[in-house]
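Laboratory data are not the source of any read-out in this text; all were calculated from the coordinates shown. The structure presented is a predicted model; accordingly, all values stated were derived computationally and were not measured. All Cβ positions, even for glycine, are placed from backbone atoms using ideal geometry, and neighbour counts span all protein chains on display.
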Amino acid sequence: APFPIFLSGAVQRGLGRGGKDLGCPTANLPDESITPMSSVCKPGVYFGYAQVYGLSDEEGKVHPMVMSLGWNPFYKNERLTAEIHIMHNFKADFYGQDMQAVVLGYIRPELDYTSREALVEDINTDKRVALRSLSREAYKKFGVDPNPSDDT
Ligand code: ADP
Ligand code: MG
């Protein structure tokens with residue numbers, strides 16, 4: 001497996017579809033920043049850690065995340081986009097802020113859902129799987145701020 005994969009970029013505005021009202025906002029990485037992932041990974045749901053820079057109460061904090069690597073309807077499904085749901089309660093949106101992520105493993109393929117309930121249920125399962133996996137000793141080091149002194 002190609003993991004860990006490191007990704008970073010300023011959080012982009014997406015199509016605003018679904019994320020927040022499913023209780024699962026996803027911070028979108030800029031297209032040009034996802035090549036390290038899209039060149040070696042298939043679409044699907046992944047887990048890892050993420051952090052957001054430039055928020056005063058978030059300095060140096062690293063949170064578990066689940067990421068969807070999926071085909072983007074905006075580009076007629078010809079391009080992959082990476083969207084990250086961070087398992088943390090943020091006080092406000094953080095569009096435009098730099099986000100850094102380390103992707104550590106694969107959870108499942110992209111699926112089509114017939115109901116909203118089924119989708120929400122799967123997202124909750126993904127979060128549990130992610131937390132369970134991240135609790136393994138070998139992943140601990142990635143949950144530590146890689147740039148503790150870099151508090152610009
Ligand atoms: P969009 O289509 O613009 O990505 P979403 O409904 O997916 O809209 O919401 C994503 C935005 O929500 C992120 O860009 C970020 O600013 C904000 N947000 C707040 N909390 C979180 C979180 N825990 N994980 C990811 N994004 C979050
Ligand atoms: Mg989103």
Which residues in region 11-36 place their backbone N less than 19 Å from a point set 7 Å from the Cα of Arg116 along the Cα-to-Cβ direction?
15-26
To the nearest 500 deg cm²/dmol, what mean residue ellipticity at 222 nm is calculated for the chain from DSSP H runs of n ≥ 4 alone, each contributing -39,500 (n - 2.57), summed and divided by the residues?
-4500 deg cm²/dmol
Lys76 paired with Arg132, simple spin-label distance in nm, labels 7 Å along Cα-to-beta-carbon
4.1 nm
Toward the positive end of the charge dipole of region 5-126, about the Cα centre and with charges on Cβ (Lys, Arg +1; Asp, Glu -1), which of Leu15, Asn89, Ile5 goes farthest?
Leu15
Counted neighbours (other Cβ, 10 Å), sorted fewest up, put Leu55, Leu80, Leu29 in the order Leu55, Leu80, Leu29
Within region 75-152, which chymotrypsin sites (Phe, Trp or Tyr not before Pro) sit in a loop by DSSP and count at most 14 neighbouring Cβ atoms inside 10 Å?
Phe90, Tyr95, Tyr113
Sort Ile34, Ile123 so the one with the fewest other Cβ atoms within 10 Å of its own Cβ comes first.
Ile123, Ile34
Excluding same-chain pairs closer than 8 in sequence, count the lysine pairs in the chain whose Cα atoms lie under 24 Å apart.
13
May I ask for the longest run of the chain untouched by GluC sites (Glu not before Pro) that are loop-located per DSSP and have at most 15 neighbouring C-beta atoms (other than their own) within 10 Å?
1-58
In degrees, nearest 10, range 0 to 90: what is the angle between the Cα axis of helix 116-134 and the longest Cα principal axis of the chain?
30 degrees
Convex hull of Cα atoms in region 1-150, direction-averaged projection (nm²)
8.8 nm²
If amide hydrogens are placed 1.01 Å from N in the peptide plane, which non-local residues have theirs closer than 5 Å to the one on Ile107?
Val45, Tyr46, Phe47
Gln97 long-range amide H proximity, modeled H, under 5 Å
Val11
